[in-house]
Amino acid sequence: MIWTFSLKPVRRHWRLWLVLIILMVGAPAWWREVEAGARGGTNPNLVWYVKTHQKVVALTFDDGPSKVFTPKILSILNQAHAKATFFMLGQAVTAHPALVREVSRMGMEIGNHTYAHINLKVHSPAQDRLDLIRSQDAIQAITGKLPTLMRPPYGAYNAALIKVARSLNLRVILWSWTEDPRDWANPGVAAIVSRVVNHIQPGDIVLFHDGGGDRSQTVEALSLIVKDLSAQGYRMVTVSHLLNDAEPNSHSPQT
Ligand SMILES: [Zn+2]
């Protein structure tokens with residue numbers, strides 16, 4: 001039997017073929033976009049994660065420092081030779097200066113999380129500015145270092161806040177959408193661990209809390225998470241370190 005190839009159906013359904021070819025060519029690029037989008041947004045003034053092929057991730061802790069939980073977290077990080085970033089509240093900084101000094105002394109990074117956990121979106125730019133400066137001053141007075149990173153409470157931001165942050169030389173850091181274990185809701189140690197380690201990717205920024213309530217589950221989960229990530233070959237670094245390790249052009253510089 002001789003198989004003959006006819007162009008007749010191709011000609012008849014050329015529009016369909018055209019659509020199929022466009023889909024085949026475009027789908028991988030589109031899917032890559034979808035995947036990247038799932039880790040964070042596209043606003044170049046904000047950081048959700050960093051593009052890198054190196055196995056580095058940034059663990060971050062909000063709402064502290066806490067007299068009870070922060071020392072336990074520090075000890076776990078230290079044992080694992082891990083660094084992390086603490087987005088502190090100015091009022092907690094003022095209440096626990098020795099602890100803040102210890103966090104800084106251990107090579108951890110300290111970022112600004114406002115003075116009193118305010119929603120920066122609902123305040124005026126002038127109020128946002130005052131609040132952020134108050135925290136900057138409190139942290140600098142204790143550590144001698146002025147933070148270069150801030151994280152808005154509730155992840156709530158707008159264009160005005162981005163402008164205020166930029167004027168204070170503060171980079172706005174959020175977190176990878178796939179790396180929010182919702183530890184503040186105390187979902188159980190196993191849930192916190194699996195939510196973090198199952199989806200981890202190079203360049204991720206993981207969101208934890210060391211203050212704002214009973215963080216026993218976070219502490220217990222963290223000791224398992226650092227072991228798992230180390231076994232997977234990940235290095236845990238500060239957010240500034242992660243930004244420095246980013247591949248060229250992987251995030252737009254703040255202008
Ligand atoms: Zn917070």
Next on the checklist: Against the conditions (1) touching a His at 6+ places or on another chain (Cβ under 8 Å); (2) surrounded by fewer than 23 Cβ atoms within 10 Å (Cβ to Cβ); (3) not aliphatic (A, V, I, L, M), where does Arg151 fall short? Just the number, please.
Outcome noted: (2)
Checklist entry - Which condition number does Val93 fail, the rest of (1) within 16 Å of the ligand (Cβ to nearest atom); (2) touching a strand residue (DSSP E or B) at 6+ places or on another chain (Cβ under 6 Å); (3) not polar (S, T, N, Q) being met? => result (2)
Checklist entry - Scanning segment 199-217 for residues that are of a type in the set (A, V, I, L, M) and closer than 16 Å to Lys51 by Cβ, which turns out nearest to the ligand (Cβ to nearest atom)? => result Ile205
Checklist entry - Using beta carbons and a limit of 9 Å, which pairs, at least six apart or on different chains, have the first residue in segment 121-140 and in the same structural domain as Gly64 (by TED's automatic domain parsing) and over 13 Å from Ala160 (Cβ atoms) and the second one in a helix (DSSP H, G or I) and of a type in the set (Ser, Thr, Tyr)? => result Ala138/Thr94; Ile139/Ser104
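The values are calculated or read from the model by the stated rules, or taken from the named source; none is laboratory data. Remember, predicted model here, so these are calculated numbers, not experimental data. Cβ atoms come from the backbone with ideal geometry, glycine included; neighbour counts cover every protein chain shown.
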